[in-house]
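Each value in this text was obtained by applying a stated rule to the coordinates, not by laboratory testing. Predicted, not measured: the structure shown is a model, and the values here were computed from it.
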């Protein structure tokens, strides 16, 4: 899952980025409202964490402009303004949620997970394909009764595939969702990580493989 942070306080932005990366998210940062709008309107993100007070374009205007341009990525507005009228203004501008500073990282993480679940209409934190189960809260992965240990990037890649069960996802889509915007990732890197996943999720088990290559198009995860 890929998240954009638009926050002009560098210390806060970097702290959030480090915490989210430890939770297996790919994270991009910009410190400017206009640049945040440009990234959000041209790149593919799962959630935007948006500060309200920003240079060049404030968070409220960024929200309005994104919704006007039919960008429907979930937006969490992050701000020190805690009056009811401020919250109402933010939500009316197009934000999906509103969190005031100072905040606990655990609450921010829970709100991000809720926003990611909402458009996908997921009712729980467990993703399942055949007997493969991935828990997005505990970060446990099991096939049948066997636990599977994954690196952060392997987990992020598997989660993305499982959120798109049965759908073909291209290497380009995988790169934009699993790696940061600034990461120097080649298509061969995706092939390598797909291989790592197969070595852990498919090959040790005497069962039908779940990860499939669709030649000329990309990959999908499905029972057949």
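Enter the angle in degrees (range 0 to 90, nearest 10) between the Cα long axis of helix 105-120 and the first principal axis of the Cα atoms of the chain, meaning the one along which they spread out most.
70 degrees
If you build a Gaussian network model of the chain, linking Cα atoms that sit under 10 Å apart, which residue out of 67, 203, 111 swings the most?
So, out of 67, 203, 111, the one fluctuating most is 203.
So for the chain: antiparallel DSSP bridges make up what percent, rounded to the nearest 5?
45 percent
Restricting things to alpha carbons, find the Rg to Rh ratio for the stretch 126-221 using the Kirkwood radius for Rh.
On the Cα set of the stretch 126-221, Rg over Rh gives 0.94.
Using a Gaussian network model of the chain whose springs link C-alpha atoms within less than 10 Å, name the residue from 116, 29, 12 with the highest mean-square fluctuation.
Answer for the Gaussian network model of the chain: 12.
Tilt of helix 187-201 relative to the longest C-alpha principal axis of the chain, in degrees (0 to 90, nearest 10)?
The angle comes out at about 60 degrees.
With everything on Cα atoms, drop me the angle between helix 33-42 and the longest principal axis of the chain, reported from 0 to 90° to the nearest 10.
With both axes taken from Cα atoms, the answer is about 30 degrees.
If each Cα of the stretch 2-120 is one equal point scatterer, what is log10 of I(q)/I(0) from the Debye formula at q = 0.10, 0.18 Å⁻¹?
-0.24, -0.86
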